[in-house]
Amino acid sequence: MRRGPLGRGPVRRAAPAVLLAALLTACSSGTGATDRAGGADRTATPRTPAATAPAPRITLPLDPYQVSDEDFSTVSRALAELTDRCMREQGLRYDEQAPEGVATSATGHERRYGITVPQTARRYGYHLGGAPVREVAPAPRSQRYQRALMGTGRPTGVEGKFDDGCAGRAHEELERGIDMDAVDLPQWFKRDSFQRSLREPRVTRAFADWSRCMAGSGHRFRTPLDPLSDRRVLGEKVTPYERAVAMADIACKQRTGLVAAWRNTEAALQRTLIESEGARLAKARRETARLIARAGRIVGADQN
C-alpha cells in the first residue's frame, strides 16, 4: 500500500484535506531563546509570565529541508483539485476541499516542547484555540461516493498497485517522478531527533527541575508531556483547573529554562545528523522543491 505525501499515511485511508489536519496536529512547539537552566531557582514558586511577553519564534536546523506549513497547504490544495477532477469524471463532486491557507504559529514550532504562550494558556489551557477534544463526525456519504473517492483497496493486477480511488489517482498524478521517500526523510529525521532528545542528560535534568517547580505549585507531573495525557487536565472543555496547570507549566518552563535547553539539545542532534546525511538531505530539498512547484502549477491552473 502506497503512502500519502510527507509520510501522512496510506492514500486510501486519508483524503487530502485530512492530511493537512494531520500536519497541523503533529508535535510542534514554541520556545524561549535564552538558556537559563543553570542559574534557575529550582524550588521557588513560579511567577506568572507577563501577559504581554512575546514568545520568540523557534527554528530547527532541519527546517529548510522540510515542506513548510504554507507549502503543505499548497500541496493539499493541489491534491483536493486533482481529486475533484477525478470525481467529476464520475458525475460526483468532491466535498472536502482543502483550506485556502494555513495559519502558521508566530512561535514557529508551536507546542513541540509543550505550551509556551501565556496568552493562549490563560484563555485555552492546553487546548488548541479552545476547540473540544472530540472530533466532529463527518457527514454520511453514499457508498458510490465513498468507493469513487477511496476505491476498494484491492490489487489492480499491476504489481504493487491497489485501487485507491480518486484520492489515490490524485497522489499518483502529483507525485509522479518525484522521490517521495526523499521528501519524507526530513520528517522522519525530526521525529528521531525529538525522541532522542528525551533521553539526553541535559533534557532529563531540565525535566527534573521543571517537575520540582510544578510541585511547588501543587501540580505533580514528571515531564511537560504528562499533562496532555491527564484527563483531569485536558478534557473536552477548558476548565479553570486546566488553565491553572497550563499557566504554572509555562511559568516553570521560563523559570528553569527548560524549553531553551530542550531546543538547543535537539538542534545539536540535528546538526550532527545533517553533517552525516548531507547528500540525502540535499536530495530531499530538491525533490521537495519539485513537489511544491508542481502543486503550485496545479493550483494556479485551477484559479485561471
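The values are calculated or read from the model by the stated rules, or taken from the named source; none is laboratory data. Everything quoted here is computed from the prediction, not taken from an experiment. Note that we place each Cβ from the backbone using ideal geometry, even for glycine, and neighbour counts take in every protein chain shown. Accessible surface areas use protein heavy atoms only, side chains included; no ligands, DNA or RNA. Shrake-Rupley method; radii C 1.70, N 1.55, O 1.52, S 1.80 Å.
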Practice prompt. For residue 216, work out the one condition from (1) surrounded by fewer than 19 Cβ atoms within 10 Å (Cβ to Cβ); (2) closer than 30 Å to residue 280 by Cβ; (3) touching a residue at least 24 places away in the same chain (Cβ under 8 Å) it doesn't fulfil.
Written response: (2)
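Every residue, every condition in (1) assigned to a helix (DSSP H, G or I); (2) more than 19 Å from residue 129 (Cα to Cα); (3) not hydrophobic (A, V, I, L, M, F, W, C), yes or no:
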site: 212; (1), (2), (3): yes, yes, yes
site: 215; (1), (2), (3): yes, yes, no
site: 218; (1), (2), (3): no, yes, yes
site: 227; (1), (2), (3): yes, no, yes
site: 234; (1), (2), (3): no, no, no
site: 238; (1), (2), (3): no, no, no
site: 243; (1), (2), (3): yes, no, yes
site: 246; (1), (2), (3): yes, no, no
site: 250; (1), (2), (3): yes, no, no
Worksheet item: Restricting attention to segment 275-304, and to residues there that are in contact (Cβ under 8 Å) with a residue 12 or more places away in the chain and within 21 Å of the chain's Cα centre (by Cα), which single residue is nearest to residue 194 (Cα to Cα)?
Response: 281
Worksheet item: Applying the selection to segment 154-182, what residues are part of a loop (DSSP other than H, G, I, E, B), surrounded by 11 or more Cβ atoms within 10 Å (Cβ to Cβ) and either modelled with pLDDT of 90 or more or touching a Pro at 6+ places or on another chain (Cβ under 9 Å) (or both)?
Response: 161, 163, 164, 178, 179
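Conditions (1) surrounded by fewer than 18 Cβ atoms within 10 Å (Cβ to Cβ); (2) touching an Asp or Glu at 6+ places or on another chain (Cβ under 7 Å); (3) modelled with pLDDT of 95 or more; (4) not in a helix (DSSP H, G or I), marked per residue:
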position	(1), (2), (3), (4)
262	no, no, yes, no
265	no, yes, yes, no
268	yes, no, yes, no
279	yes, no, yes, no
286	yes, no, yes, no
293	yes, no, yes, no
298	no, yes, yes, no
Worksheet item: All but one of (1) of a type outside the set (Ser, Thr, Tyr); (2) over 26 Å from residue 189 (Cα atoms); (3) out of contact with any helix residue (DSSP H, G or I) (no Cβ under 6 Å at 6 or more places or on another chain) hold for residue 233; which doesn't?
Response: (3)
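Taking the residues in segment 74-115 that are buried (at least 18 other Cβ atoms within 10 Å of the Cβ) and modelled with pLDDT under 90 as candidates, determine which candidate is nearest to residue 172 (Cα to Cα).
Step one: of segment 74-115, the residues buried (at least 18 other Cβ atoms within 10 Å of the Cβ) are 74-84, 86-87, 94, 98, 102, 105, 107-115.
Keeping just the survivors that are modelled with pLDDT under 90 gives 98, 102, 105, 107-111.
Details: 98: 18, 102: 24, 105: 31, 107: 34, 108: 31, 109: 30, 110: 32, 111: 33 Å.
So the residue we want is 98.
Would you confirm whether or not segment 227-240 contains a residue that is closer than 26 Å to residue 68 by Cβ, at pLDDT below 95, open to solvent by 10 Å² or more (accessible area, probe 1.4 Å) and within 23 Å of the chain's Cα centre (by Cα)? Let's see the steps before the verdict.
The first filter runs over segment 227-240 and keeps only residues closer than 26 Å to residue 68 by Cβ, leaving 228.
Restricting the remaining residues to those that are at pLDDT below 95 gives 228.
From what's left, open to solvent by 10 Å² or more (accessible area, probe 1.4 Å): 228.
Now restrict to residues that are within 23 Å of the chain's Cα centre (by Cα): 228.
Looking for residues that are closer than 26 Å to residue 68 by Cβ, at pLDDT below 95, open to solvent by 10 Å² or more (accessible area, probe 1.4 Å) and within 23 Å of the chain's Cα centre (by Cα), one finds at least one in segment 227-240, hence yes.
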Discussion item. Checking residue 304 against (1) open to solvent by less than 40 Å² (accessible area, probe 1.4 Å); (2) at pLDDT below 95, only one condition comes out false. Which one?
Written reply: (1)
